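In what follows, a structure is listed as structure tokens, so that the remarks can point back to it.
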Amino acid sequence: MPHIPVLLTGETSPLFTFLSPQEGEKVLDATLGLGGHAQAFLGRIGAQGHLYGVDADALNLEEAGKRLAQVAGNVTCIQGNFRGIASMGLPMLDVIFADLGVSSPHFDDPSRGFTFRADAPLDLRFDRTQGQTAAALIATAPQEELKHIFQAFGEMRGSGRLASVLYHDVRHGKAIRTTAEFRALIERLYGFRAPSILPQAFQALRIAVNDELGALAEFLKAAPPLLAPGGRMGVISYHSLEDRMVKNAFRALCTTEKDDITGADTAAAPFILLTKKAVVPSAEEQKSNPRARSAKFRAIRRNE
């Protein structure tokens, strides 16, 4: 499936409506991917603006860098997880954007282990230069930790059963090293329910291996202070765990401070909520780009 940037349909794109990138502004794409969103931002900020792109995947970063270099020279690419943006030497920014979806090349390259539709090493890491693979996690994690991973990150029913079988099979020499082996185990355990369980199980392992929720929590804390007065921040999430974190973080930033005793306002909220509820892709976009179906976009603006 070709890489199609989400919520980027024409001049009425929610990204342009709410984030409103302007000529000469500084924009951070904290999840650069292949640079689809970044290219659209470059078209708005012009030669006087500057785009900073961050991605944990070296291959994505290289490909995006080549693509964007053909469009403009005012681009700085930085390899790293967006959880560390506070230490990347970035200036004050006018727009901060993050698309939390898994980059299409991760799914489309079977060797990465992100899909159960092809046999490959059970890896699932965004940055293959560090951290443990999903296979290594299964081989070393205690049973209760495995149960928590599948229950909390995959929102799976019957997570204890899968954790128990994995734990005891691995400890008796039946290691799970490939996507095919993991899929076969799911199919054996869950039978006709396996097609609905497989995406949840792979999602759970991916989130655990990359500490996605921990990284998101740090990003949501570190990013807002980097916004200049009037600066905008937007995040696209794809499952309820992420969306809940974004919604709660943005709501807290946009809440007026009150006196604990009197309840009177003591200070204005530092940010304004731009999206009263999550913005989702149109029916037309969801039809043309199935990967956009679960996308939810939320945005805030820093007070002047």
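The values are calculated or read from the model by the stated rules, or taken from the named source; none is laboratory data. Note that this is a predicted model, so its numbers are computed, not measured. Virtual Cβ from ideal backbone geometry, glycine too; neighbours counted across all protein chains shown. Accessible surface areas use protein heavy atoms only, side chains included; no ligands, DNA or RNA. Shrake-Rupley method; radii C 1.70, N 1.55, O 1.52, S 1.80 Å.
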Practice prompt. Report Rg (one decimal) and Dmax (nearest whole number) for region 132-205, counting Cα atoms only, units Å.
Written response: 10.9, 31
Worksheet item: Could you give the nm distance between label points at Ser87 and Thr140, where each point is 7 Å from its Cα heading toward the beta carbon?
Response: 2.1
Worksheet entry | Principal axis dimensions, largest first and in whole angstrom, of the chain by Cα | 61, 58, 39
Worksheet, complete the sentence: Measuring from the longest principal axis of the C-alpha atoms of the chain, the long axis of helix 58-69 (C-alpha) lies at a number of degrees, nearest 10, equal to 30
Worksheet item: Roughly what % antiparallel, to the nearest 5, for the DSSP beta bridges in the chain?
Response: 40
Discussion item. Among Thr178, His148, Gln130, which residue has its Cα furthest toward the positive end of the charge dipole of region 111-219, with +1 on Lys/Arg Cβ and -1 on Asp/Glu Cβ?
Written reply: Thr178
Discussion item. For the chain, what does the accessible surface come to per residue with a 1.4 Å probe? Please give it in Å².
Written reply: 47
Response to the item:
The Rg/Rh figure for region 201-304, Cα atoms and Kirkwood Rh, to two decimals is 1.05
Worksheet, complete the sentence: Rounded to the nearest 10 degrees, the helix 159-171 long axis (Cα) sits at an angle to the longest Cα principal axis of the chain of 60
Worksheet, complete the sentence: One would report the antiparallel percent of DSSP beta bridges in region 5-157, rounded to the nearest 5, as 0
Discussion item. Under a Cβ-only charge scheme (Lys and Arg +1, Asp and Glu -1), can you give me the dipole magnitude of region 232-304 about the Cα centre, in debye to the nearest 20?
Written reply: 440
Discussion item. For the pairs Lys147/Lys221; Lys247/Lys296; Lys247/Lys277; Lys247/Lys276, flag any whose C-alpha to C-alpha distance is greater than 19 Å.
Written reply: Lys147/Lys221
Fill in: Cβ crowding within 10 Å averaged over residues, with 294-302, 216-224, 16-24 ranked highest first
294-302, 216-224, 16-24
Practice prompt. For helix 36-45, report the angle its Cα long axis makes with the longest principal axis of the Cα atoms of the chain; keep it between 0 and 90° and round to the nearest 10°.
Written response: 10
Worksheet, complete the sentence: Quick calc, the chain, dipole around Cα centre from Cβ unit charges on Lys, Arg (+) and Asp, Glu (-), nearest 20 debye, gives 780
Worksheet item: So how do 55-63, 26-34 stack up, highest first, on mean other-Cβ count within 10 Å?
Response: 26-34, 55-63
Worksheet item: GNM, the chain, Cα, under 10 Å: largest mean-square fluctuation among Leu227, Leu90, Leu273?
Response: Leu90
Worksheet entry | Options Ala208, Leu226, Ala269, ranked by Cα towards positive dipole end of region 208-286, top entry (Cβ charges) | Ala269
Fill in: Normalised alpha carbon radius of gyration of region 119-247 [divisor 2.2 N^0.38 Å]
1.20
